[in-house]
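The values are calculated or read from the model by the stated rules, or taken from the named source; none is laboratory data. All figures in this text were calculated on a predicted structure; none of them were measured in a lab. Every residue, glycine among them, receives a Cβ derived from its backbone with ideal geometry; neighbour counts consider all protein chains shown. The protein model used for the area step is the full one, side chains on, heavy atoms only, and it has no ligands, DNA or RNA in it. Shrake-Rupley method; radii C 1.70, N 1.55, O 1.52, S 1.80 Å.
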Amino acid sequence: MLRARDLHKSFIMGRAPLRVLRGASLQAARGEFVVVTGASGSGKSTLLHLLGALDIPDRGTVEYNGQNLFQLGDDARRLYRNRDVGFVFQFYHLLPECTVLENVLMPSLAAHSFWGWRRIRRKARRDAEELLDRVGLTERTKHRPNELSGGERQRVAIARALVNRPALLLADEPTGNLDEEVGEDILRLLTELNEAGQTIVMVTHDAKVASHAHRYVRLSEGVIREAGSPGGKAIPVGLATREVIP
């Protein structure tokens, strides 16, 4: 489903380039829950941005269902980001002036023209309301983000990420801004989504999160160094990029 090969990415810091990724490779099969761990600043978010085509690598490829994303035009990559991928971020990125329901509807609205939206808006609203019920926020649809707790905001962000029924969910430190109890609640929700068939790739600096995944890999010095199972047993580096079909 998703295959990243030999990704390199640098940024200019002052006069010298900062090499963040130095040949990172990763695969995720359909229905898999993969966690990428690593210290802060190790390049986890950069890797996720490349997987989601939010940025372009200096070198390397990301293939989605066999298609190299960086051989596509801008419009095709926008469609990939809107329809095939859902994004969940640490700091939610909700629109403060919009209600919970309106925030969840945003990706669906962005995917359609004015007349297209008018044709599908009733169904889109029903879909959004069903997602909000699924994440336990039926009573909060008319609230605005500043009226919600951190955990509730992240649930809104997850519902928004799922509204276009993406095949792939990319999560960037989704529990990093939450206390331990609320973070566990969000992880249980993501696990339930995965058990229902949602493919998830999550990056985190918290190694404990790996216990919720099918497998985890560690990003260090710009490459995938090792992989493991939730039980903590180390497995060979070569399996870090092996596709596992459920």
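Among the GluC sites (Glu not before Pro) found in the stretch 1-100, those both in a DSSP coil and sparsely packed, with 16 or fewer other Cβ atoms within 10 Å of their Cβ, are E97.
Treating r as the C-beta distance of E180 and E97 and R0 as 30 Å, the FRET efficiency rounds to 0.45.
Rolled with a 1.4 Å probe across the full set of protein chains, the surface gives S108 an accessible area near 10 Å².
Listed peptides 166-173, 129-136 appear in the order 166-173, 129-136 once ranked by packing, highest mean of other Cβ atoms within 10 Å at the front.
Under the combined filter of DSSP loop state and at most 11 neighbouring Cβ atoms within 10 Å, the stretch 1-32 retains these trypsin sites (Lys or Arg not before Pro): R15.
Here the extension length gained between A196 and R15 equals 60.3 nm, from 0.36 nm per residue of separation less the Cα-Cα distance. Count charges around N82 for me, please; just the other residues with Cβ under 13 Å from its Cβ, Lys/Arg as +1, Asp/Glu as -1. Once all neighbours under 13 Å are counted, the net charge is +3. Relative contact order of the stretch 164-211: 53 percent, from C-alpha pairs under 8 Å at least 6 residues apart in sequence. For the stretch 1-92, relative contact order (Cα pairs under 8 Å, six or more residues apart, normalised by length) works out to 31 percent. Taking the protein heavy atoms of the chain in the context of the full set of protein chains, the accessible area attributed to carbon and sulfur is 49 percent at 1.4 Å.
For A167, what is the net charge nearby, where nearby means another residue's Cβ is under 12 Å from its Cβ and Lys, Arg count +1, Asp, Glu -1? Here the count lands on +1. With the convex hull constructed from alpha-carbon coordinates only, the stretch 31-116 shows a mean projected area of 8.1 nm² over all directions. Solvent exposure of the chain, expressed per residue, is 50 Å² of accessible area, with all protein chains present and a 1.4 angstrom probe.
Take the Cα radius of gyration of the chain and divide it by 2.2 N^0.38 Å, N being the number of residues; the result is 1.01. Between the stretch 187-226 and the stretch 100-147, the alpha-carbon centres lie 27 Å apart.
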